[in-house]
Amino acid sequence: MPQATAVNTVWVVLTAALVLFMEGGFSLLEAGLVRTKNAVNVTMKIFVDLTFGALAFYLLGVHLAFGRDLLRLIGIGPVLAPTDLPTAAFVLFELGFAIAAASIISGAVAERMRFSAYIVTVILTCGLIYPISAHWVWGGGWLARLGMKDFAGSAAIHALGGAMALALAYLLGPRRNRFNDDGSVNVFAPSNIPLASAGAFILWFGWFGFNAGSTLNASSAALAPIALNTFIAAAAGGMAAILVTMAKFKVADPSMAINGSLAGLVAITAGCAWVHTWAALLIGLVAGMLVVWGTGWVDRLQVDDPVGAVAVHGMGGVWGTLAVGLLDAQEGLLTTGHIHLLMVQALGVCALVAWGLGTTAAMGLGLRRVLGLRVSDEEEEDGLDIALHGIPAYNELERFGDGRQALFAPPEREQPVAMVWLSGDQSPSSRP
Amino acid sequence: MPQATAVNTVWVVLTAALVLFMEGGFSLLEAGLVRTKNAVNVTMKIFVDLTFGALAFYLLGVHLAFGRDLLRLIGIGPVLAPTDLPTAAFVLFELGFAIAAASIISGAVAERMRFSAYIVTVILTCGLIYPISAHWVWGGGWLARLGMKDFAGSAAIHALGGAMALALAYLLGPRRNRFNDDGSVNVFAPSNIPLASAGAFILWFGWFGFNAGSTLNASSAALAPIALNTFIAAAAGGMAAILVTMAKFKVADPSMAINGSLAGLVAITAGCAWVHTWAALLIGLVAGMLVVWGTGWVDRLQVDDPVGAVAVHGMGGVWGTLAVGLLDAQEGLLTTGHIHLLMVQALGVCALVAWGLGTTAAMGLGLRRVLGLRVSDEEEEDGLDIALHGIPAYNELERFGDGRQALFAPPEREQPVAMVWLSGDQSPSSRP
Amino acid sequence: MPQATAVNTVWVVLTAALVLFMEGGFSLLEAGLVRTKNAVNVTMKIFVDLTFGALAFYLLGVHLAFGRDLLRLIGIGPVLAPTDLPTAAFVLFELGFAIAAASIISGAVAERMRFSAYIVTVILTCGLIYPISAHWVWGGGWLARLGMKDFAGSAAIHALGGAMALALAYLLGPRRNRFNDDGSVNVFAPSNIPLASAGAFILWFGWFGFNAGSTLNASSAALAPIALNTFIAAAAGGMAAILVTMAKFKVADPSMAINGSLAGLVAITAGCAWVHTWAALLIGLVAGMLVVWGTGWVDRLQVDDPVGAVAVHGMGGVWGTLAVGLLDAQEGLLTTGHIHLLMVQALGVCALVAWGLGTTAAMGLGLRRVLGLRVSDEEEEDGLDIALHGIPAYNELERFGDGRQALFAPPEREQPVAMVWLSGDQSPSSRP
């Protein structure tokens, strides 16, 4: 193997591993942001992405995305990998992207969707819907031909995923008691902030793979600037969100710090290879402000998005795609005075959002008829963890044999509660 | 340094870091799967692996494994690293493997083993028992000479570790109240599913290093296919386990989703470099089904394996080793009609399992006599965290000065409980 | 791009990602070691490091550190990156170091510092104080000219950060009720040991990037030995701390196992490229013992350092810097009999500690006057999470509509508590 190919392979395999590790980030982020009673369920949905979704993309989607172009609409046949890169490395890297698109949706539909309907959604997303958008942008499809610039997928993954998340969250309806009759919002506090933050740090880490890995080539002069731009945009997004919440709510809000950083990452994903670092900083700043505003906007639509996926990925993705039209070093409106690229970017992101909304509406309505989209009210109240997976997320307080919780230890009990619960193995529930 | 050596060094050092990071995965996986009262203890055991185990392998084991071959049984003297790779990089990479072997055992003996006995077990495992098996398979030993194919250690690490785990869990006996007199099993619910899942995602991430890094050579044409096969087998294993539990228990079980993915990873470890991707998918599917069956089988043996290490690593490892004999692209029985390799694989994995069972039985019986293997009933009831480490894993509910827990605040107390516990610093316990 | 530059870029970008991921480690470590009521706040401080700190270093600090040397004191103008490495990759890598310096401080001031004062501290640390120390040691400043050897920053980052942590923790004063009138210490138990350990494992993982990445050159013959030395020192540090606590307290203490490993990492950071592996083992062993003793020493000073940052980073850093003078393979006192290097190392580390103490004292006193350093007693009692961020870290027990906690469900309630809390969405608090 020529040395250059070897280095490309090392680069792409390691960045693919980073991208796939982002699923761990999604899992912790979502488990931390939803209510305790649904933390197992969101985790299991990430497992669905990594298993059903990955296999759907591997068996079908990757060919639709990166096969030989047909009519500038879809790909067919064997995967066409870049030269100087083994096909297996390319496929592995692209797998991570497909799964990420599904994971964006998973957060928005949290706490109320049927598990079987989610599995089908993931299979269709990774096997069909996302691959076609990827083909349009990166596989030689019509948006590529128009000259749309979406380096690592602000549009093709994040805006698409955000649009799909919006459509499916709308079809599902809000969680019980989320909105009051007067349209006001009931806050469901995130269950575990340190865990959600850990998820955000893993996502941030993985994003180096997501963006810089998208060079697919270790000799690309853009590689290092991409990585720096990625980091700076995230820092700016997080800073903006912290400052906005300090100004607006008088407290530095952790969910917004998390989502501001992520929005910065989403927004720089399109332009990371083509903008100066000062522009990356600006893109991140705007994304961090947008996410606070966007979260409120989704609430005002009375759409319930438990983790803010629409604001982070949808709005961040749209903004990032347009920002290339504004700030691209070669063709940006603000940097060079040319408006052509901006028009193409706007057309492209509109097309992808429309594709996401339309396909998801069709899929969601079909699923509602065939399988049912939503769990029963009782399952929702009990929590999906118990209802769908038979186990709560946290079993720190163990049960007595007679079904009472340690907390319900009768007052005459002499032992201090810590001891009671620490010796919970005395009489666990039994299975035959 | 020639450029090729530089690239190999970068590759092996980074993949070694991934392999060593898997210890964080083991730690979270086990802390999440055991009961709360033993979560500190399993974490500390991973620290033992990373410290005592690493030094035992560095000072002794690596020479036994990779020194000059003596009688095809053990190595002696200076480590023989591959050409084009600095010895330090090779040693670091192999360190991660030795520690992983110890960590497999740690899960199976959780919640009841004496800490000092565990330290000795780790020293012997990393310094002696695993290195000899590594020598047989990779260091020029008799199994290597017979032509056994175990690319990254389904047999030499996972089947061995699983066998050692089985033997030691048997010698230790089950946790109190684990089995009823009629042989039925009492379920001890995992204490923290999101944490256990995070551990699984870290392990999955690190496995790219484990398998692809085992090329020890960045120019290997197998590198990218290995990485893809590794991922596909994990996806298939997780999918199989989810589907089986949905069919069998009517719920998608999170522990099985975790262990199914891990079993897929274990099983593909032997053949990742030599099978087609469709075969990797098949190997993963079978591993994911096996793990559900295997967990029940271990229960029926009345052996108590709190995290499923025997089913994941032991059975997954045996299956993966045999699967090379069946599906190897060059010599597999099903792919080419030749049975020779399958026989060698079967012999090899039997030898390694026997080696694991035998040495562990000797070690365990010796330790039982000299140090004692098992904590006292009282320590087990209190939990090993308090008994052996003086601290519970989670101190979310703080104490009052008089030793009562916040939860035991008398009802006449006006303050809401959240405030009580959030101001727990008023009167903490004091040390002189 | 020449192939060597491409490989260097890949190496430095990936190791920079590892270093930046260490922030996730700091976050989990600190969230796990502080009390529950301040876990959000420490997490938010890491976000401040990653956002405000990163931008301060990018916009100002990197020029002071790595611009053209002026009077051997500070740098000015464009960043001078090593040849064969893109400037963007170099800047990204150095960013991770600046943020790490700030994160060291964050732990020592946990649970009582005003958020705005912390933001200013981070901006000054990353924009000014650390960059100047970096210039002295690595940017052509006076310590570099004297021949000081501090490969990846035991002195320039860790001893400096530890000194700054000490000064600021002293100025802030101890947490309420931390010390009794007789000088005895009240133990505030870590809130979440598995999380803190996960943080330690991430830090350990990231340290491969920190130390080996500091070659900034993939062809460096030192690269692999650095990585191995780093690991061995951490293992030795952790082992020493476990053994010392077993001997001293009769229990293997998890905080000390964590901090002993980290101290080993800190201590080998200066010498990793220049000492033999046996010396790395020795350096780690001493660091692991020092950290136990140092934690007590800080207590005896009546300085309150909630996570042990002074003992780990301060003492580990000083020891590691001096250890190069003792054990350097070319110029160490014990290895070669020459005392010159040891004198330079001692001078250098004293200068850096003095710089850290002095600038922090000035900054702290200024901040105390202008913004106030410390939260109110009431905020401290309530916890900074509620007071400064409006949300507790863990919301596992949800509220009823009337503000009572699930735990306070009146006894006449029939539903078991688990169900009560799992259906907490019935009547959440509402926002208008």
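The values are calculated or read from the model by the stated rules, or taken from the named source; none is laboratory data. The model shown is predicted, which means the values in this text are computed figures rather than measured ones. Note that each Cβ is placed from the backbone with ideal geometry, even for glycine, and that neighbours are counted across all protein chains shown. When the accessible area is computed, the model is the full protein with side chains, heavy atoms only, and any ligands, DNA or RNA have been set aside. Shrake-Rupley method; radii C 1.70, N 1.55, O 1.52, S 1.80 Å.
Before moving on, here are some points about what is shown:
- In the range B:357-393, residue surrounded by the fewest Cβ atoms within 10 Å (Cβ to Cβ) [restricted to those that are in a loop (DSSP other than H, G, I, E, B) and out of contact with any Pro (no Cβ under 7 Å at 6 or more places or on another chain)]: B:376
- Filtering A:327, A:290 for residues that are farther than 25 Å from residue A:168 by Cα and of a type in the set (A, V, I, L, M, F, W, C) leaves a single hit, A:327.
- Residue tally, condition among the hydrophobic types (A, V, I, L, M, F, W, C), in contact (Cβ under 8 Å) with a residue 12 or more places away in the chain and not in a helix (DSSP H, G or I), over the range A:1-43: 1
- When residue B:305 is tested against (1) outside any helix (DSSP H, G or I); (2) free of Cβ contacts under 8 Å to residues at least 40 places away in the same chain; (3) within 25 Å of residue B:204 (Cβ to Cβ), exactly one condition is not met: (2).
- Criterion applied to B:354, B:323, B:346 was being farther than 30 Å from residue B:188 by Cβ and either part of a loop (DSSP other than H, G, I, E, B) or open to solvent by 40 Å² or more (accessible area, probe 1.4 Å) (or both), and the one residue passing it is B:354.
- Scanning the range C:52-103 for residues that are of a type outside the set (Val, Ile, Thr), without any contact (Cβ under 8 Å) to a residue 24 or more places away in the chain and out of contact with any strand residue (DSSP E or B) (no Cβ under 8 Å at 6 or more places or on another chain) yields C:55, C:71, C:81, C:88.
- Under the condition of being in contact with a His (Cβ under 7 Å, 6 or more places away or on another chain) and farther than 20 Å from residue A:253 by Cα, the residues counted in the range C:21-65 number 2.
- Out of B:262, B:285, one residue alone is modelled with pLDDT of 95 or more and open to solvent by 10 Å² or more (accessible area, probe 1.4 Å). It is B:285.
- Subset of the range C:179-216 (residues that are surrounded by fewer than 21 Cβ atoms within 10 Å (Cβ to Cβ) and over 28 Å from residue B:38 (Cβ atoms)): C:179, C:180, C:181, C:182, C:183, C:184, C:216
- For the range C:49-70, filtering for residues that are open to solvent by 10 Å² or more (accessible area, probe 1.4 Å) and under 15 Å from the mean Cα position of the chain (by Cα) leaves 0.
- Checked against (1) outside any helix (DSSP H, G or I); (2) under 21 Å from the mean Cα position of the chain (by Cα), residue A:46 passes all but a single condition, namely (1).
- Residues in the range B:207-219 that are facing chain A (nearest Cβ under 8 Å) and either without any contact (Cβ under 8 Å) to a residue 12 or more places away in the chain or touching a Phe, Trp or Tyr at 6+ places or on another chain (Cβ under 7 Å) (or both): B:218 only.
- Among (1) free of Cβ contacts under 8 Å to residues at least 24 places away in the same chain; (2) over 30 Å from residue B:120 (Cα atoms); (3) not acidic (Asp, Glu) - the single one residue C:166 does not satisfy: (1)
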